[in-house]
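Working notes, beginning with the structure itself.
The values are calculated or read from the model by the stated rules, or taken from the named source; none is laboratory data. Just so it is clear, the structure is predicted and the values come from calculations on it, not from any experiment. Neighbour counts are summed over all protein chains in view; Cβ atoms, including those assigned to glycine, are modelled from backbone coordinates with ideal geometry.
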Amino acid sequence: MPVIVDNVLEDAGGAGKAMDNHIDIIIARGGQKKRDNLAAGITSLTKLNTGQIKAQDFLDTKTREQDEWMVQANSVLGSIRNAAKSASKDPENKINLKTFKIGVDTPQSVKAMTSWLDYFSGVVVENHDVLLANGMTEEEIASVGTLYASLIAANAAQENAKKLRNAATERRDYAAKALQQTVSGIRDFAKNVFKNDKAALEEFKPIPKGRGRGKNKPPEPPAPQAG
C-alpha cells in the first residue's frame, strides 16, 4: 500500500507541536534527541517528497513526448497505407497490399511501432514513386526513418525517467516509514512521561487521516538548548 506522505508529515507535525507544548519536561525526561530526530525526519521527508514529485513530473513529460511521436507515427503510417490502397485501384500499378500490412491493426505499443517503422522505412524506398503519385509528399516519405529514430530515443528517455521516478519513490517511502517509526517512539515516550496527565497525552494522539489537513504543518526545528 503506498505511503500517503501528506498524512505522515501532518501526523509528525502534530507530534512535534505536542512536544514543543511541553518542551521543558520533555528535555528533563531525556527527550531532546527524540525531538531533534523528529525535526530531522520531517526535513528529510519533505525534501525527498519534493524530489519525488519532480521525478514524477519529469516522467509525465517524457511520456507525453513519447505519446506525441506515437501519434505522428500513426498518422504517417495511415497516409502510406491509404496511398497504397489508392494505387491498388489503378490497373497499371502492381501493388501487393500485404506489403503495406493492409487489414492489420496499427501497433499500440512503442516496441511494436518501432518495428513497423523500421519495416516501412524500406517499403517507402521501394515504392517511392507510387506513393508520391498517390498523395504523399517527399517530407512524409522521409519522415518514416526520422520517426523510427525519434521514437527509439523517446522510449529510452521515458524508460530512464521511469527508473529515476521509481528510485525517488523508494527513497521517499523509506524516509516516510522511518518518520512513522520516530513518531511511534515519541508516543510511547509520552505514555511514560505523561501517564498521569490525560490532557497532555491527548495532544500526542495520531491525527485521523484526511482530517485537519494543513492544521499541523511540520514545525521548524527547535532552537539549540543551552548546556
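Below, the figures for the structure above:
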| quantity | calculated |
| --- | --- |
| In region 77-98, the residues that are at pLDDT below 95 and of a type in the set (V, I, T) | I95 |
| Verdict on L131 being within 29 Å of T63 (Cα to Cα) and in a helix (DSSP H, G or I) | no |
| P218 closer than 21 Å to K54 by Cα, modelled with pLDDT under 95 and surrounded by 13 or more Cβ atoms within 10 Å (Cβ to Cβ) | yes |
| Residue within region 175-184 that is in a loop (DSSP other than H, G, I, E, B), modelled with pLDDT of 95 or more and under 20 Å from I27 (Cα atoms) present | no |
| Unique residue being in contact (Cβ under 8 Å) with a residue 12 or more places away in the chain, more than 30 Å from L117 (Cα to Cα) and surrounded by 18 or more Cβ atoms within 10 Å (Cβ to Cβ) when the list is L59, L9, L77 | L9 |
| Only listed residue being on the phi < 0 side of the Ramachandran plot, more than 33 Å from the chain's Cα centre (by Cα), assigned to a helix (DSSP H, G or I) and of a type in the set (G, A, S), chosen from S115, S75, S121 | S121 |
| Identity of the residue in region 124-147, closer than 11 Å to A83 by Cβ and within 41 Å of the chain's Cα centre (by Cα), that ends up surrounded by the fewest Cβ atoms within 10 Å (Cβ to Cβ) | T137 |
| Among (1) in contact (Cβ under 8 Å) with a residue 24 or more places away in the chain; (2) within 30 Å of A55 (Cα to Cα); (3) part of a loop (DSSP other than H, G, I, E, B) - the single one T106 does not satisfy | (2) |
| Single condition G185 does not satisfy, out of (1) in contact (Cβ under 8 Å) with a residue 60 or more places away in the chain; (2) surrounded by 15 or more Cβ atoms within 10 Å (Cβ to Cβ) | (2) |
